[in-house]
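Single-structure report; data block below.
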Amino acid sequence: MDSNLIADLFLSFRAVNQSMHHAIMKGSEELGLTPIQFMVLKFVKKTPEIRLSELADCLFIGNSATSGIVDRLVKLDMITRERGERDRRSVMLKMTSKGEELLRKANERREQVLLPLMKLDETEAKQMMETHKKIVNLLEKTDITE
């Protein structure tokens, strides 16, 4: 395949990624959340009583960075930190009702922001997904993504 075509493909993925990122950031910021705070709320909702270290692993960031994000969400009354009943050293994170409401609004907003993607033809979307999977598989086989 032509190397110029590969370069164009890379730039195309980058443009799509940036457009999606800007759309999601806009939706989050309108509610006063950063994208990472939105992700934390999603993980805490999905995994009640998640530990800080587990959350850090899910986010692919360090414990100290995760702790700072959690501190801000605790101050905003979105989540709480609670000591484990069996292991008092263990701190678990739980969603508050305020956090649940904001997450619900953020999800609604995200759906509105991504609504234009519903105009994609289903067959084309499936073909794109297959192509993306193929690219990931090719890159993984050559150890580029590790």
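Values quoted throughout were computed directly from the atomic coordinates according to the rules given, and no laboratory measurement underlies them. None of these values were measured; they are calculated from a predicted model. Ideal geometry is used to build each Cβ from the backbone, glycine not excepted, and the neighbour counts take in all protein chains shown.
Structure notes:
- Selection within region 28-44 - more than 13 Å from the chain's Cα centre (by Cα) and not acidic (D, E): L31, G32
- Residues within region 91-107 that are free of Cβ contacts under 8 Å to residues at least 24 places away in the same chain and of a type in the set (D, E, K, R), tallied: 3
- Test: residue in region 48-64 that is surrounded by fewer than 14 Cβ atoms within 10 Å (Cβ to Cβ), of a type in the set (F, W, Y), under 18 Å from the mean Cα position of the chain (by Cα) and closer than 24 Å to H132 by Cβ: yes
- Filtered by the rule that a residue be touching a strand residue (DSSP E or B) at 6+ places or on another chain (Cβ under 6 Å) and not in a helix (DSSP H, G or I), region 60-82 gives I79, T80, R81, E82.
- Among residues of region 29-40 being buried (at least 21 other Cβ atoms within 10 Å of the Cβ) and not polar (S, T, N, Q), the one that is nearest to D71 (Cα to Cα) is V40.
- If the condition is being of a type in the set (A, V, I, L, M) and touching a residue at least 24 places away in the same chain (Cβ under 8 Å), then region 41-60 contributes L41, V44, I50, L52, L55.
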